[in-house]
Amino acid sequence: MRHYAHTIQDQPPEVWEPLEDHLQLVAQYCSGFADAFHAKDFGKVLGMWHDLGKYSKEFQAYLHLENGFEAHLENVATSKRVDHSTAGAQLANRLFGNHPYGRILAYCIAGHHSGLADSMSTSGASGLDQRLTKKIADVCGAPVALQQKPDLPAEPPIALGGDAALVCFQLSFLTRMLFSCLVDADYLATEAFVSPTTAVERKVDLPSLAVLRKKLDQHLQQLSDGKNGTVAEARAEVLNACRDSSSQSRGLYSLTVPTGGGKTLSSLAFGLAHAEIQAMERVIYAIPFTSIVEQTANVFRSVFTDVSDEMILEHHCNTDPDRETPTTRLVTQNWDAPIVVTTNLQLFESLFAARTSSCRKLHNICNSVIILDEVQAIPVDLLQPVLAAIQELVRNYGCTVVLCTATQPAFNRSDDFRIGLTNITEIIPNPSKLFERLKRVQISHIGKQTDEELCRRLATHDQFLCIVNTRAHAAKLFDRLTHGHRPCSSSTLQSEEDMTFSHGLNECDQGEADGLFHLSTLMCGQHRKRVLDTIRQRLR
């Protein structure tokens with residue numbers, strides 16, 4: 001009998017997708033993705049084995065009956081769904097025995113629809129060990145050659161570290177990367193047959209990184225024309241340092257630049273030039289705060305005004321739906337774009353995720369320049385997994401990572417900080433000297449203040465920015481100033497909590513009264529943008 005992978009509704013079996021064709025296409029995609037970290041042989045095996053269970057008579061009967069066709073298979077006809085992902089996992093485990101390859105392949109195949117499983121489960125969910133001993137339908141219809149042990153390299157495709165804990169982490173990281181390759185390959189191959197229109201929408205001709213780098217150079221030249229003074233000179237030096245360092249080899253870099261030093265566009269200049277020189281795939285810009293993600297994406301769009309919106313993928317929870325296109329919604333699934341602007345949360349949670357939707361993009365992180373802006377904001381209690389992931393991406397997955405901030409944390413490995421990073425190269429030749437040249441703020445300590453004293457002091461200024469610890473305190477000060485002390489010009493109150501949360505605050509005329517503004521990321525994104533635009537206009 002002929003075996004099928006997917007059907008077309010209301011169409012006879014003659015136009016269904018042959019199972020062999022699907023396995024071949026997934027193997028082709030998966031091996032290509034895995035080649036980014038020298039694991040194409042593993043990718044091919046995953047592609048050929050992932051749907052091995054579809055060779056069972058039970059699964060083929062299920063396809064026929066669900067589509068209204070008689071199965072012609074005695075004693076196997078069933079209308080129930082048939083497990084088709086466990087067969088390949090059991091085959092991998094059986095052929096490789098106790099070798100780690102068997103477990104790695106089994107994890108990926110067993111979870112390519114349901115997600116990566118725990119090894120053992122006490123919650124009632126099916127763990128991998130249960131799957132490997134589960135009774136399943138016979139796949140005797142599968143070609144004999146497909147069930148033979150493949151010839152995989154004796155050494156794993158990645159360089160393993162020294163101690164056992166690190167090796168375990170590296171193997172789990174490798175498993176998740178291979179899982180990403182398989183999941184994305186299966187989605188794309190299935191989409192090509194089941195929804196060819198969607199597959200076409202996904203493909204957009206985008207400019208090369210070399211073209212983007214030239215456009216950025218032109219934009220930066222226009223910004224610097226006619227600009228003189230200490231700040232302009234310092235910004236030019238930062239940009240030149242980034243360009244000079246871009247020709248160096250892949251690895252870990254730090255970019256320590258004070259506020260106002262042009263860090264955002266200079267780091268992008270490094271990323272695009274470095275990716276072009278090193279033949280890398282994309283630049284990923286990760287930021288801890290959603291509000292800054294929006295701002296950074298808009299800055300990038302202002303540079304590349306004459307190219308497609310699909311070129312810059314903005315991926316976070318507050319993405320503006322009005323900016324989305326069918327293509328950007330699809331590209332969000334696997335980050336197949338030249339520039340990705342996202343949050344630390346989206347990046348690092350995906351690197352430790354189990355769900356197919358979260359892991360699908362991981363293979364496209366390989367061979368990328370990753371710029372971690374405001375890197376000092378990584379939560380201290382998450383430093384060990386985050387730093388381990390950063391080091392592993394650089395060590396085995398072809399990435400260059402830039403730690404970008406004005407307040408560089410002490411992430412270097414030492415005897416007192418054994419989870420730290422090694423071989424970090426600073427891009428700026430003399431950061432302390434740069435900070436001295438760009439110093440534009442005089443700090444003085446005024447001691448503890450009551451709200452009444454603080455408001456009285458603020459009211460003496462034509463312009464001020466007041467930042468307090470909590471949103472409730474900021475709102476309270478706004479109310480006191482609005483109904484008591486009235487500043488003469490545009491002034492703003494904000495809370496430190498607002499660095500991480502977004503929602504709406506609507507008191508006191510939408511957060512504005514007589515030139516006084518309450519600014520909070522408790523406001524929805526559109527409201528916050530409107531208030532910021534008004535503040536900028538008044539400052540001008």
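If I filter region 104-117 for residues that are at pLDDT below 90 and either at positive phi or not basic (Lys, Arg) (or both), do I get at least one hit?
For region 104-117, residues at pLDDT below 90 and either at positive phi or not basic (Lys, Arg) (or both): absent.
Can you name every residue in region 499-537 that is over 33 Å from the mean Cα position of the chain (by Cα), modelled with pLDDT of 65 or more and of a type outside the set (S, T, N, Q)?
Filtering region 499-537 for residues over 33 Å from the mean Cα position of the chain (by Cα) gives 507-517, 537.
Cutting the leftovers down to modelled with pLDDT of 65 or more gives us 512-517, 537.
Of everything in region 499-537, those that are over 33 Å from the mean Cα position of the chain (by Cα), modelled with pLDDT of 65 or more and of a type outside the set (S, T, N, Q) turn out to be 512, 513, 514, 515, 516, 517.
Counting only residues that are under 20 Å from the mean Cα position of the chain (by Cα) and open to solvent by 20 Å² or more (accessible area, probe 1.4 Å), how many does region 177-195 have?
Final tally of qualifying residues: 2.
Based on this model, can you work out whether residue 482 counts as in contact with a Leu (Cβ under 9 Å, 6 or more places away or on another chain) and at pLDDT 95 or above?
Details: in contact with a Leu (Cβ under 9 Å, 6 or more places away or on another chain): yes; at pLDDT 95 or above: no.
No, not satisfied.
Whether any residue in region 43-56 is open to solvent by 10 Å² or more (accessible area, probe 1.4 Å), at pLDDT 90 or above and farther than 21 Å from residue 187 by Cα is what I want to check.
Scanning region 43-56, I find no residue that is open to solvent by 10 Å² or more (accessible area, probe 1.4 Å), at pLDDT 90 or above and farther than 21 Å from residue 187 by Cα, so the answer is no.
Table: residues versus (1) in contact with a Gly (Cβ under 7 Å, 6 or more places away or on another chain); (2) surrounded by fewer than 20 Cβ atoms within 10 Å (Cβ to Cβ); (3) of a type in the set (Lys, Arg); (4) assigned to a helix (DSSP H, G or I).
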{"residue": "221", "(1), (2), (3), (4)": "no, yes, no, yes"}
{"residue": "232", "(1), (2), (3), (4)": "no, yes, no, yes"}
{"residue": "243", "(1), (2), (3), (4)": "no, yes, yes, yes"}
{"residue": "272", "(1), (2), (3), (4)": "no, no, no, yes"}
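Output the number of the condition that residue 540 fails; it satisfies all remaining conditions of (1) at pLDDT 80 or above; (2) open to solvent by 50 Å² or more (accessible area, probe 1.4 Å); (3) touching a strand residue (DSSP E or B) at 6+ places or on another chain (Cβ under 9 Å).
Answer for residue 540: the failing condition is (3).
From the list 264, 198, which one is open to solvent by less than 50 Å² (accessible area, probe 1.4 Å), touching a residue at least 12 places away in the same chain (Cβ under 8 Å) and out of contact with any Leu (no Cβ under 8 Å at 6 or more places or on another chain)? Steps first, please.
Details: 198 fails: out of contact with any Leu (no Cβ under 8 Å at 6 or more places or on another chain).
Testing whether each residue is open to solvent by less than 50 Å² (accessible area, probe 1.4 Å), touching a residue at least 12 places away in the same chain (Cβ under 8 Å) and out of contact with any Leu (no Cβ under 8 Å at 6 or more places or on another chain) leaves just 264.
Please list, ordered by first then second residue, the pairs with beta carbon atoms under 6 Å, 6 or more apart or interchain, first in region 469-489 and farther than 17 Å from residue 523 by Cα and open to solvent by 80 Å² or more (accessible area, probe 1.4 Å), second among the β-branched types (Val, Ile, Thr) and at pLDDT 90 or above.
Going by the 6 Å Cβ cut-off, there are no qualifying pairs.
Wholly within region 311-423, which strands (runs of 3 or more DSSP E) include no fewer than the required count, namely at least 2 residues that are among the acidic types (Asp, Glu), surrounded by fewer than 22 Cβ atoms within 10 Å (Cβ to Cβ) and at pLDDT below 95? Don't jump to the end; show me each part of the working.
Values: elements: 312-315, 339-343, 368-373, 400-405.
Fully inside region 311-423 and qualifying: nothing.
Could you please find all residues in region 274-302 being in a helix (DSSP H, G or I), among the β-branched types (Val, Ile, Thr) and open to solvent by less than 10 Å² (accessible area, probe 1.4 Å)?
Initial filter on region 274-302 (in a helix (DSSP H, G or I)): 274-277, 290-302.
From the residues that got through so far, the ones that are among the β-branched types (Val, Ile, Thr) too are 277, 290, 292-293, 296, 299.
Passing the criteria: 293, 296.
The values are calculated or read from the model by the stated rules, or taken from the named source; none is laboratory data. Note that the structure is predicted; figures quoted are calculated from it, not measured. We place every Cβ from the backbone using ideal geometry, glycine too, and count neighbours over all the protein chains shown. For accessibility, only protein heavy atoms count, side chains too; no ligands or nucleic acids. Shrake-Rupley method; radii C 1.70, N 1.55, O 1.52, S 1.80 Å.
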